[in-house]
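Trainee: Take a look at this one; I'll ask things after.
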Ligand SMILES: NC(=O)c1ccc[n+]([C@@H]2O[C@H](COP(=O)([O-])OP(=O)(O)OC[C@H]3O[C@@H](n4cnc5c(N)ncnc54)[C@H](OP(=O)(O)O)[C@@H]3O)[C@@H](O)[C@H]2O)c1
């Protein structure tokens with residue numbers, strides 16, 4: 001019996017599968033044990049599939065800062081809120097266990113899907129991306145350097161920031177999934193880079209990645225350190241953090257600086273988010289302040305992935321991952337810890353251990 005068939009039979013032998021649903025909207029930070037609940041669902045099988053659908057088992061969940069915003073019931077945003085009782089939204093890497101689209105989506109294939117926090121999901125094959133793992137790559141890159149965060153870094157720095165050789169680029173949240181790729185692409189484009197992160201270990205890693213300078217924002221001397229490190233003033237600020245760091249960066253902008261507003265993680269859990277008090281610097285320094293959402297670049301993902309894959313294959317892009325074990329039950333506390341800086345590089349939860357994810361062993 002083939003491994004794929006054996007795997008399928010093992011899964012089908014279970015009588016239920018788990019998912020995580022939103023139980024209560026948090027007012028500020030997520031409250032473990034209250035915000036989400038685990039739900040047991042009747043088992044799915046090939047019999048539940050319509051033509052063109054696949055049944056997928058989840059292996060790795062992507063944990064993303066934006067998830068906190070999706071839990072708010074009120075905000076106007078780029079996606080609707082997750083409804084109470086609904087499976088928590090999210091992307092995962094999974095494996096097809098049954099298929100009614102076998103030509104394009106065979107059993108055993110590794111895929112990514114937006115099926116949320118669940119052990120099993122049925123999805124139309126057209127919404128399920130078969131993984132293409134490049135040289136030097138591994139399956140989990142599909143959520144990191146070659147996934148949404150890598151693409152965000154790529155379009156943020158090349159298109160929104162228009163970074164060119166000689167620019168002085170400052171990156172906040174620099175040791176995370178997006179920030180660490182931003183730092184490296186800015187260096188590849190010939191910029192000088194200052195990286196900001198929340199621990200000395202992260203600062204050391206950012207220097208290994210090629211940052212010309214890196215500082216720890218949790219040190220009491222941060223404001224003075226930042227001022228000293230930006231004595232030549234900033235051409236491009238790539239902001240993942242918002243709040244106080246955005247305010248400081250505005251005070252150190254060159255005339256006509258470009259501010260790439262990618263995220264504002266420091267404010268996501270605040271019941272009363274605060275903005276920079278010195279917004280008038282935008283006027284006096286004629287700063288171009290631009291927000292963006294990576295989904296707007298969907299038509300260009302293929303070309304960007306090709307470039308990112310090439311840099312990866314050539315050893316010009318490096319990455320780290322923080323993979324939290326413990327299955328779906330670990331997702332809630334891992335998400336809380338994302339806002340405490342638990343991760344270096346991409347944060348994921350392992351739903352099911354995969355013995356070997358390198359493509360050469362697939
Ligand atoms: N615009 C888009 O399309 C788009 C797409 C993807 C992501 N984003 C945004 O990009 C940012 C980074 O996302 P990511 O997925 O790459 O996450 P990430 O950077 O891998 O993880 C988040 C990191 O943020 C830092 N952080 C947490 N709370 C903070 C605070 N109060 N102040 C300063 N730093 C804090 C932590 O590192 P430290 O140890 O350094 O604190 C943490 O590791 C987020 O703001 C996210 O919303 C935007």
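Trainee: Considering only residues of region 211-232 that are in a loop (DSSP other than H, G, I, E, B) and within 14 Å of the ligand (Cβ to nearest atom), which is surrounded by the fewest Cβ atoms within 10 Å (Cβ to Cβ)? Before you say what the answer is, go through the steps one by one.
Mentor: The initial filter retains those residues of region 211-232 that are in a loop (DSSP other than H, G, I, E, B), namely 211-212, 217-221, 230-232.
Add one more test, that the residue is within 14 Å of the ligand (Cβ to nearest atom), and what stays is 211, 217-219.
Details: 211: 26, 217: 21, 218: 12, 219: 14.
That would be 218.
Trainee: Applying the selection to region 147-163, what residues are touching a strand residue (DSSP E or B) at 6+ places or on another chain (Cβ under 6 Å) and more than 14 Å from the ligand (Cβ to nearest atom)?
Mentor: 163
Trainee: Let me ask you something else. Got a number for residues in region 40-59 being assigned to a strand (DSSP E or B) and either surrounded by 15 or more Cβ atoms within 10 Å (Cβ to Cβ) or not assigned by TED's automatic domain parsing to the domain that holds residue 327 (or both)?
Mentor: Here is the first cut: in region 40-59, the residues assigned to a strand (DSSP E or B) are 40-42, 53-59.
Subsequent filtering for residues that are either surrounded by 15 or more Cβ atoms within 10 Å (Cβ to Cβ) or not assigned by TED's automatic domain parsing to the domain that holds residue 327 (or both) retains 53-59.
Residues in region 40-59 being assigned to a strand (DSSP E or B) and either surrounded by 15 or more Cβ atoms within 10 Å (Cβ to Cβ) or not assigned by TED's automatic domain parsing to the domain that holds residue 327 (or both): 7 in total.
Trainee: Among the residues of region 233-252, write down those that are more than 16 Å from the ligand (Cβ to nearest atom) and either in contact with a strand residue (DSSP E or B) (Cβ under 6 Å, 6 or more places away or on another chain) or not assigned by TED's automatic domain parsing to the domain that holds residue 273 (or both).
Mentor: 233, 234, 235, 252, listed by residue number.
Trainee: Restricting attention to region 157-166, which residues are buried (at least 16 other Cβ atoms within 10 Å of the Cβ) and under 15 Å from residue 210 (Cβ atoms)?
Mentor: Once the filter is applied, which keeps residues that are buried (at least 16 other Cβ atoms within 10 Å of the Cβ) and under 15 Å from residue 210 (Cβ atoms), region 157-166 yields 157, 163.
Trainee: Now a separate question. Criterion first (modelled with pLDDT under 95 and in contact with a strand residue (DSSP E or B) (Cβ under 6 Å, 6 or more places away or on another chain)) does residue 324 satisfy it? It would help to see each step written out before you state the result.
Mentor: Numbers: modelled with pLDDT under 95: no; in contact with a strand residue (DSSP E or B) (Cβ under 6 Å, 6 or more places away or on another chain): yes.
Considered against the rule, which asks whether it is modelled with pLDDT under 95 and in contact with a strand residue (DSSP E or B) (Cβ under 6 Å, 6 or more places away or on another chain), residue 324 comes out as no.
Trainee: What pairs can you find where one residue is in region 263-282 and farther than 23 Å from residue 64 by Cβ and outside the structural domain of residue 32 (by TED's automatic domain parsing), the other is more than 16 Å from the ligand (Cβ to nearest atom) and part of a loop (DSSP other than H, G, I, E, B), and their Cβ atoms are less than 7 Å apart, with a gap of 6+ or different chains?
Mentor: Listed by first residue and then by second, the contacts come to 278/251; 281/251; 281/287.
Trainee: Go through region 317-333 and give me each residue that's under 22 Å from residue 181 (Cα atoms) and outside any strand (DSSP E or B).
Mentor: At the first step, the residues of region 317-333 found to be under 22 Å from residue 181 (Cα atoms) are 317-324.
Listed by number, the residues that qualify are 317, 318, 319, 320.
Trainee: Next question. Any chance region 269-289 includes a residue that's over 21 Å from residue 176 (Cα atoms), assigned to a strand (DSSP E or B) and more than 19 Å from the chain's Cα centre (by Cα)? Steps first, please.
Mentor: At the first step, the residues of region 269-289 found to be over 21 Å from residue 176 (Cα atoms) are 271-289.
So of that shortlist, the ones also assigned to a strand (DSSP E or B) come out as 288-289.
Going one step further and asking which of them are more than 19 Å from the chain's Cα centre (by Cα), we end up with 288-289.
Scanning region 269-289 turns up at least one residue that is over 21 Å from residue 176 (Cα atoms), assigned to a strand (DSSP E or B) and more than 19 Å from the chain's Cα centre (by Cα).
Trainee: Tell me the residue from 166, 173 that is within 9 Å of the ligand (Cβ to nearest atom), in contact (Cβ under 8 Å) with a residue 24 or more places away in the chain and not in a helix (DSSP H, G or I), please.
Mentor: Working: 166 fails: within 9 Å of the ligand (Cβ to nearest atom).
From the options 166, 173, the qualifying one is 173.
Trainee: Another question, if that's okay. Out of the residues in region 190-210 that are within 13 Å of the ligand (Cβ to nearest atom) and assigned to a loop (DSSP other than H, G, I, E, B), state the one that is surrounded by the most Cβ atoms within 10 Å (Cβ to Cβ).
Mentor: In this case the residue turns out to be 198.
Trainee: Please work out if residue 62 is away from the ligand (no atom under 16 Å from the Cβ), surrounded by 14 or more Cβ atoms within 10 Å (Cβ to Cβ) and assigned by TED's automatic domain parsing to the domain that holds residue 120. Let's see the steps before the verdict.
Mentor: Values: away from the ligand (no atom under 16 Å from the Cβ): no; surrounded by 14 or more Cβ atoms within 10 Å (Cβ to Cβ): yes; assigned by TED's automatic domain parsing to the domain that holds residue 120: yes.
For residue 62, the condition - away from the ligand (no atom under 16 Å from the Cβ), surrounded by 14 or more Cβ atoms within 10 Å (Cβ to Cβ) and assigned by TED's automatic domain parsing to the domain that holds residue 120 - is not met.
Trainee: I've got another one for you. Only one of 86, 135, 75 is within 16 Å of the ligand (Cβ to nearest atom) and surrounded by fewer than 17 Cβ atoms within 10 Å (Cβ to Cβ). Can you tell me which?
Mentor: Answer to the check: 75.
The values are calculated or read from the model by the stated rules, or taken from the named source; none is laboratory data. On a predicted model such as this, the values are computed, not experimentally measured, just so you know. Positions of Cβ are generated from backbone atoms using ideal geometry, with glycine treated the same way; all protein chains shown enter the neighbour counts.
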